[in-house]
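Colleague: Have a look at this one.
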Amino acid sequence: MKMLCENMTVENIWNALIAFEDYLFYTAKGLKFTYCIKGGELFVSRKEKSITKATVELAFEKAIELEGKVSGPKKLGVFGASYLYPVFARFGIIQIEENEFINT
């Protein structure tokens, strides 16, 4: 995790988010979603409001603070955490325990 965090920047995360546009993810509750990026905003298929790049940065900082051991979306403490949580897990930013649901 330490090496990942040292090399991961918000810009790199944003580029990864762009690369995964329209990829099918699942929330921790098992709900399907995709997203698209428009400018500095991430639009999730299940929401009307967007998640800003600044919010992604705050969630990333929280994940780093918790050393990747994020026990659930609420621990990220930002709007859209239920969507960022599985995305961050896919990117290896956070670790999900075996009993938690995640898209494989």
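Colleague: By the scheme Lys and Arg +1, Asp and Glu -1, what is the net charge of all other residues having a beta-carbon under 15 Å from that of LEU42?
Modeller: On the way: positive: LYS38, ARG46, LYS47, LYS49, LYS53, ARG90; negative: GLU11, GLU21, ASP22, GLU41, GLU48, GLU57.
Cβ neighbours under 15 Å give a net charge of 0.
Colleague: Find the accessible area per residue for the chain; the probe is 1.4 Å, ligands and nucleic acids are left out, and the unit is Å².
Modeller: 59 Å²
Colleague: Net charge within 12 Å of ASN15 by Cβ-Cβ distance, Lys/Arg positive one each and Asp/Glu negative one each, not counting ASN15 itself?
Modeller: Once all neighbours under 12 Å are counted, the net charge is -1.
Colleague: Using protein chains only and a probe of 1.4 angstrom, how many square angstrom of GLU11 are accessible, to the nearest 10?
Modeller: 100 Å²
Colleague: Taking 0.36 nm per intervening residue step and subtracting the Cα-Cα distance, what contour gain separates GLU61 from GLU41 on full extension?
Modeller: Contour length minus the Cα-Cα distance gives 5.4 nm.
Colleague: Hey, got the Cα dimensions of the chain along the principal axes, in Å, largest first?
Modeller: The Cα atoms of the chain stretch 32, 30, 23 Å along the principal axes, largest first.
Colleague: Report the Cα centroid-to-centroid distance between segment 11-28 and segment 29-48 in angstrom, as an integer.
Modeller: So the two Cα centres are separated by 9 Å.
The values are calculated or read from the model by the stated rules, or taken from the named source; none is laboratory data. In this text, all values refer to a predicted model and were calculated from it rather than measured experimentally. As a convention, Cβ positions derive from the backbone with ideal geometry for all residues, glycine included, and neighbour counts pool all protein chains shown. Surface areas here come from the heavy atoms of the whole protein model, side chains and all, with no ligands, DNA or RNA. Shrake-Rupley method; radii C 1.70, N 1.55, O 1.52, S 1.80 Å.
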